[in-house]
Structure formats: C-alpha cells, structure tokens
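Peer 1: Please see the structure below; I have some questions.
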Amino acid sequence: MLRDEAMIVRLAISQWTARRFDKRVTEQVAHDYDVNPDVGRYRKILVAEGAVKEVTKTAGAARTFHYENTLPWDDNGGRILPAANFLAYSKEMRGLKADFEKAVAEFVSGYEAYVEEARRRLKAMFKTDDYPSPGRIVRRYGFTFDIEPVPNFEDFRVNIQNGDAKRIKREMEKMVADREAKAMGDLYVRLSDVISHFAEKLSNSKAIFRDSLVENVVELVNLLPKLNVSNDPKLEKLGKEAQKKLCAYEPEQLRKDEVARETAADDAKAILKKMEAYVGAKA
C-alpha cells in the first residue's frame, strides 16, 4: 500500500522579493504619456539584483530538485516522496537548506549597505518604508521541508454512526488511490515529455542540441526506479528500454554519426508509440 512505500513532504521557502509597486511613479508615467494608469505598473528594484542573486538561485535550485524528486499529492503543496528516494532527497535538501541559509546570512550582513546604495540609485523614488528594518529582514526568509505519513484509514475512528463511518473511510481510501494514480500519471507524462523532445531534436538532422538533451533522459531514467511508488511493471519496462536504447549514446556521437542519430530517433519514437495508451489513460 502507498503508506508503506511513501510519505508526504511539503517544501516551504519564503524570501523578500526586493520589488515594490510604486503608485506615484505609475501615475506620473501615465500622465506623461497621456494614458490610463492601468495600462502598466511600475515596480521598483529595491536593491541591486546581485545582492539577492545567490538567495534566489539557491531557492530555485531547491524547488526544482523538490519537484523532480517527488510526485503530486494535493493542492496544498504536499508531494509524494517514495521511501526509496528518501535518503537521497533528504541529503540533498539539507545541503540546499544550508546553502540557502548561508546566502541569506551574507545578504543580511550587507543589508544596510545595500539600502544606502539604493538610496543613491533610486534618488527621488527611494522610500524608507519600502525596506524592512535590519532586525526584521531576516524574518522574511525561511526554508523548511516537513515530512508526514500518508493517511492511514485502517484505524479510522470518529463518533458518528457506523454506516457513515464506513462510507467516509471508503471515500478517503478512494481519495488516496486516486492521488496515487495521478502521481503515477505525472511520471508517465514526464517520461513522455523528455523522450518526445529527444526524438524531435534527433529527427531533424540540422537541429543543434545541447548535451542536456541526452543528460535529461539519463537523469530521469535513473530516477524512475526510486519514483515508481506503485511498482508499475509497465513503467519499469519502459524505463529499462529507454536506458538501453537511448542512454547508450554520448551527445557528441549523436552529433557526428548520422546512423546513430537516426537509430536513436527511431527508437525514441517507438517507445513513445508504446506509451500513447499509458499517457492518455494516466495523465
């Protein structure tokens, strides 16, 4: 059952946007160009972009890794984390959290200097109220990833009539089953998308492609066994076939060897053909 094979993880990252809508400047621009203020909004960059670059970069890397290594669960940020991927996921996320906190600390240490630089750069557009106090700016940042179990309805207990309790339990069990099916559907779509891009590029002999075209297939295929939370044999078979037929090539080989390129493209299309029924049913 899903609760024996996975858990739910919720990633929450908060950060100061360092952007602010300026109503006065927006109205002034509208006046100068004789248009209504609602045709555009002027958003000020409150500190030099380089000041928050590392924070933004690390937050983005964490979100990308989180979504690539988990599957959809609910609309409130919950994602399925298969037990098989727990150690790798938690290790990487702890490292990303440490990087994020280090970047935040460096930004906070220079915050007052960044504000003074902004005063000179923004001139008449500078407003002290746009900037949190030095004591509060650090509280604008946060990075947590909380793990919780998949709901267990075997011991569902509530003080209502027995018939209603059984009905609610069945509905909850169906909800979990539906979400598991949706998560697996997402995995099929991911595999289909990366192979489709692979096939599209290689089918055009004149198309230029980066090494990531092949690397993305390799990374996803290697990750599939850890994300296949339902132990779906069809997905396992497709992954192995993609690994054998598509991951055997180096990018440079596909650029220089026309036969290898055509073969890889045809193999990719064949795999996609097999996937059509699965993706349509599970997406």
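Peer 1: Please verify whether segment 147-163 includes one or more residues that are exposed (fewer than 11 other Cβ atoms within 10 Å of the Cβ), part of a helix (DSSP H, G or I) and not acidic (Asp, Glu).
Peer 2: Yes, because at least one residue in segment 147-163 is exposed (fewer than 11 other Cβ atoms within 10 Å of the Cβ), part of a helix (DSSP H, G or I) and not acidic (Asp, Glu).
Peer 1: When the residues of segment 224-242 are filtered to those that are within 17 Å of LYS269 (Cα to Cα) and free of Cβ contacts under 8 Å to residues at least 24 places away in the same chain, which remaining residue is surrounded by the fewest Cβ atoms within 10 Å (Cβ to Cβ)?
Peer 2: LYS237
Peer 1: Test VAL221 against the criterion of being surrounded by 15 or more Cβ atoms within 10 Å (Cβ to Cβ), under 23 Å from PHE65 (Cβ atoms) and modelled with pLDDT of 95 or more, and give yes or no.
Peer 2: Spelling it out, VAL221 is indeed surrounded by 15 or more Cβ atoms within 10 Å (Cβ to Cβ), under 23 Å from PHE65 (Cβ atoms) and modelled with pLDDT of 95 or more.
Peer 1: Moving on. Spot the failing condition for GLU54; the list is (1) more than 30 Å from LYS174 (Cα to Cα); (2) touching a residue at least 60 places away in the same chain (Cβ under 8 Å); (3) within 26 Å of the chain's Cα centre (by Cα); (4) surrounded by 13 or more Cβ atoms within 10 Å (Cβ to Cβ), and only one is missed.
Peer 2: Tallying (1) more than 30 Å from LYS174 (Cα to Cα); (2) touching a residue at least 60 places away in the same chain (Cβ under 8 Å); (3) within 26 Å of the chain's Cα centre (by Cα); (4) surrounded by 13 or more Cβ atoms within 10 Å (Cβ to Cβ), GLU54 fails exactly one: (2).
Peer 1: Turning to a different aspect of this structure: Examine segment 251-274 for a residue that is crowded, with 17+ Cβ neighbours inside 10 Å, touching a helix residue (DSSP H, G or I) at 6+ places or on another chain (Cβ under 6 Å) and in a loop (DSSP other than H, G, I, E, B), and state whether such a residue exists.
Peer 2: Scanning segment 251-274 turns up no residue that is crowded, with 17+ Cβ neighbours inside 10 Å, touching a helix residue (DSSP H, G or I) at 6+ places or on another chain (Cβ under 6 Å) and in a loop (DSSP other than H, G, I, E, B).
Peer 1: Let me ask you something else. What do you reckon, is ALA6 over 25 Å from ARG136 (Cβ atoms), touching a residue at least 40 places away in the same chain (Cβ under 8 Å) and out of contact with any Cys (no Cβ under 9 Å at 6 or more places or on another chain)?
Peer 2: When the stated conditions are applied, ALA6 passes them.
Peer 1: Counting only residues that are among the hydrophobic types (A, V, I, L, M, F, W, C), more than 18 Å from TYR278 (Cβ to Cβ) and out of contact with any Leu (no Cβ under 9 Å at 6 or more places or on another chain), how many does segment 224-254 have?
Peer 2: Adding up the residues that qualify gives 2.
Peer 1: Is it the case, given these coordinates, that PHE107 is crowded, with 18+ Cβ neighbours inside 10 Å, in the same structural domain as GLY142 (by TED's automatic domain parsing), among the aromatic types (Phe, Trp, Tyr) and out of contact with any Ser or Thr (no Cβ under 8 Å at 6 or more places or on another chain)?
Peer 2: yes
The values are calculated or read from the model by the stated rules, or taken from the named source; none is laboratory data. Remember, it's a predicted structure, so these values are computed and weren't measured experimentally. Don't worry about glycine lacking a Cβ; one is built from the backbone with ideal geometry, like all the others, and counts go over all protein chains shown.
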